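In what follows, a single structure is set out as structure tokens and then discussed.
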Amino acid sequence: MRYALAALCIMASPAFAENVLDSHFGNPALPSSGCFVRSYSNSHLAKHPDQVVTDIAVMVSALSSGGNTPLLDVFVTLRGDRYQYHGLAACKTKGKGLICQLEGDAGAFTLTGEDNGALRLTVGRQGMGFEGDKFIEISGTQGDDRVFLIPNVSGELCN
């Protein structure tokens, strides 16, 4: 009976209920606080011909005021295009994750945390749009660019 009670107490602790802001953007045990970058290898891209994103990064924006939910910068690079596209997202907590809206009605995504410190970015059904030297869109309903696992990396990569 004591073990069952102890297990129940652990499950009800605040650490069990922490959201991705605490576990991934405010965790001193990770290589950085809020720097997530993934560059896909040529072999990965060869196995996923419908994936157009070659690089993706998510980080706390310098424009963020340090409130309860940060503004996030999202950067993407596409196949055959060396331009790095940028979007600024305002996020709100929902359960253990974040729901983020790109500025200018450019779409949405959700962020959830993985146990290894990585983020899972899921593109919203309406997709995500980015402006740069042209306007590009990542579909939320087709192709291989709907879910990204993005590892936490050294903060030097986000400076």
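State whether the residues of the stretch 54-74 include one that is more than 19 Å from S32 (Cα to Cα), hydroxyl-bearing (S, T, Y) and over 12 Å from the mean Cα position of the chain (by Cα). Within the stretch 54-74, one or more residues are more than 19 Å from S32 (Cα to Cα), hydroxyl-bearing (S, T, Y) and over 12 Å from the mean Cα position of the chain (by Cα). Name the single residue, out of those in the stretch 21-53 being open to solvent by 20 Å² or more (accessible area, probe 1.4 Å) and among the β-branched types (V, I, T), that is nearest to A89 (Cα to Cα). Looking at residues that are open to solvent by 20 Å² or more (accessible area, probe 1.4 Å) and among the β-branched types (V, I, T), I get V37. Screening T110 with (1) in contact with a strand residue (DSSP E or B) (Cβ under 8 Å, 6 or more places away or on another chain); (2) open to solvent by less than 40 Å² (accessible area, probe 1.4 Å) gives one miss only, at (2). Of the residues making up the stretch 80-100, those that are among the small types (G, A, S), within 21 Å of D22 (Cβ to Cβ) and part of a strand (DSSP E or B) are A89, A90, G97. Exactly one residue among A90, A118 is touching a Pro at 6+ places or on another chain (Cβ under 6 Å) and either under 20 Å from S33 (Cα atoms) or modelled with pLDDT of 95 or more (or both), and that residue is A118.
If you go through the stretch 24-79 and keep only what is hydroxyl-bearing (S, T, Y), outside any loop (DSSP other than H, G, I, E, B) and under 13 Å from L157 (Cβ atoms), you end up with just S39. Out of curiosity, is F75 at pLDDT below 75, surrounded by fewer than 18 Cβ atoms within 10 Å (Cβ to Cβ) and aromatic (F, W, Y)? When the stated conditions are applied, F75 does not pass them. The sole residue among G117, G95 that is under 20 Å from N27 (Cβ atoms) and either of a type in the set (D, E, K, R) or in contact with a helix residue (DSSP H, G or I) (Cβ under 7 Å, 6 or more places away or on another chain) (or both) is G117.
In this structure, A90 does not qualify as closer than 22 Å to K134 by Cα and either touching a strand residue (DSSP E or B) at 6+ places or on another chain (Cβ under 8 Å) or crowded, with 19+ Cβ neighbours inside 10 Å (or both).
Selection of the stretch 126-159 for residues being free of Cβ contacts under 8 Å to residues at least 12 places away in the same chain and of a type in the set (F, W, Y) yields only F135.
Condition check ((1) touching a Lys or Arg at 6+ places or on another chain (Cβ under 8 Å); (2) at pLDDT 95 or above; (3) closer than 23 Å to D145 by Cα) across all residues:
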{"residue": "V20", "(1), (2), (3)": "yes, no, yes"}
{"residue": "G26", "(1), (2), (3)": "no, no, no"}
{"residue": "S39", "(1), (2), (3)": "no, yes, yes"}
{"residue": "D50", "(1), (2), (3)": "no, no, yes"}
{"residue": "N68", "(1), (2), (3)": "no, no, no"}
{"residue": "G95", "(1), (2), (3)": "no, no, no"}
{"residue": "G104", "(1), (2), (3)": "no, no, yes"}
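The values are calculated or read from the model by the stated rules, or taken from the named source; none is laboratory data. For clarity, every value in this text was computed on a predicted model and none was experimentally measured. Please note: Cβ atoms are built from the backbone with ideal geometry, for glycine as well, and neighbour counts cover all protein chains shown. Side chains included, ligands, DNA and RNA excluded: accessible areas come from the protein's heavy atoms. Shrake-Rupley method; radii C 1.70, N 1.55, O 1.52, S 1.80 Å.
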